[in-house]
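Encoded as structure tokens, the structure appears first; notes follow it.
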């Protein structure tokens, strides 16, 4: 059985990251208006969901088009931030923090679970992109070695 090489794996990982972030964005835009009433001042939970939509969408586009370690890192931070937030606010009543409302919601439902799974998949794929370097092809490696000699 042949294993996937770096030239195949990295594009597949980028698609996984982008797809996970796209699902994250879709779920948050779908839910945002239902959370507009959750507020403790000038910022509602719906507003925060819309910020997540923008961040996830931009990170998904960047990971596909820019294809650099920095865009992979941004995607990782957005996706992992989503995982941390949904798990934290599911299990811990953090309360309101400054202008941000209390977002404690001690239950699971379909869209929340879908968002968590998508963010987790995007996080793992982005982590692999960030922590691994593509292997140089043999001819590129030989050229690099010849230049150093």
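Quick note: the coordinates plus some simple rules give every number you see, no bench work behind them. These figures come from a predicted structure and were not determined experimentally. So basically every Cβ, Gly included, is an ideal-geometry build from the backbone, and we count neighbours across all protein chains shown.
Before anything else, pin down the relative contact order of the chain: Cα pairs under 8 Å, at least 6 apart, normalised by residue count, whole percent. Walk me through the numbers on the way to the answer.
Details: 195 pairs, mean separation 47.7, N = 149.
So the answer I get is 32 percent.
In this calculation the C-beta distance from residue 40 to residue 15 is compared with R0 = 41 Å, giving a FRET efficiency of 0.60.
Among 93, 72, sorting on how many other beta-carbon atoms sit within 10 Å of each Cβ, with the fewest leading, yields 93, 72. Relative to the longest principal axis of the Cα atoms of the chain, the long axis of helix 110-131 makes an angle of roughly 30 degrees. Between residue 114 and residue 93, the FRET efficiency estimated from the beta carbon spacing at R0 = 30 angstrom works out to 0.80.
Comparing 34, 110, 20 in a Gaussian network model of the chain (Cα springs below 10 Å), the most mobile by mean-square fluctuation is 110. Considering the chain as a Gaussian network with a 10 Å cut-off on Cα pairs, which listed residue, 96, 25, 55, attains the greatest mean-square fluctuation? Among 96, 25, 55, the largest GNM mean-square fluctuation belongs to 96. GNM on the chain, alpha-carbon springs under 10 angstrom: the most fluctuating residue among 22, 32, 122 is 32.
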